[in-house]
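Working notes, structure below.
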Amino acid sequence: MARVWKFGDDVDTDQIVPGRYSPYMTSEAELPKYAFIENRPEFAKEVKPGDIIVAGDNFGCGSSREYAPLALKKCGIAAIIANSFARIFFRNAINLGIPLFEDAEAVQKLGDGEQVEVDAARGFIRTAEGEITLRQPPKFVQDILAEGSIAGYVRKYQHFPGE
């Protein structure tokens, strides 16, 4: 079972990992322990691999810090579901292989702390009330995620999506 970590609107990259904890100030290996350290201090201590983040509008806004989604990947986040994502966060997360779903209906249905079963590859979540089928990302994003990251995709196909 996975836990739902629910956040509101406009969660910026500085809330995900404050700049003073960047890999340049600490280390990449320490990133997970600083995830949401000020916004939800219990997150880094309690998050488990396979948990999901659910959020409102504009998740990941702010700077283009790639280490913000990297911290979430290193925490083992299985997917992030939001009403919408900041464009640069979306690209950084997909490039790192984090499944993202823009699905307002799922956001509305899922509650903080709820225990769910997640199958990000197939795009569904099972809750106590039933199954939620997530709105799938575009095919080229699915292809990148299937290879684990943009680097894995390029290694396999030696070209970029859409070429």
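Here, each number is a calculation from the coordinates, and none is a lab measurement. All figures in this text were calculated on a predicted structure; none of them were measured in a lab. In this analysis, Cβ positions are derived from the backbone assuming ideal geometry, glycine residues included, and neighbour counts consider all displayed protein chains.
Okay, here's what the table says:
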quantity: Estimated Rh, region 2-135: Kirkwood, alpha-carbon pairs, angstrom; calculated: 14.5 Å
quantity: Simple spin-label estimate for Arg155 and Arg126 in nanometres, 7 Å along Cα-Cβ; calculated: 3.2 nm
quantity: Relative contact order, percent, region 28-110 [alpha-carbon distance under 8 Å, six or more residues apart]; calculated: 30 percent
quantity: In nm, spacing of pseudo-spin labels at Arg135 and Lys109 (7 Å Cα→C-beta vector); calculated: 1.4 nm
quantity: Local electrostatic count, Pro18, Cβ distance below 14 Å [Lys/Arg +1, Asp/Glu -1]; calculated: 0
quantity: Neighbourhood net charge (10 Å Cβ-Cβ; Lys/Arg +1, Asp/Glu -1) for Ala55; calculated: -2
quantity: Within straight-line cross-link reach of Lys33, aspartates and glutamates at Cα separation under 18 Å, skipping those fewer than 8 residues along the same chain; calculated: Asp12, Asp14, Glu42, Glu46, Asp51, Glu66
quantity: FRET efficiency for Asp119 and Thr26, using Cβ-Cβ distance with R0 set to 35 Å, rounded to 0.05; calculated: 0.55
quantity: Residue-averaged [θ]222 nm for the chain, counting only DSSP H segments that reach four residues, each worth -39500 (n - 2.57); calculated: -8000 deg cm²/dmol
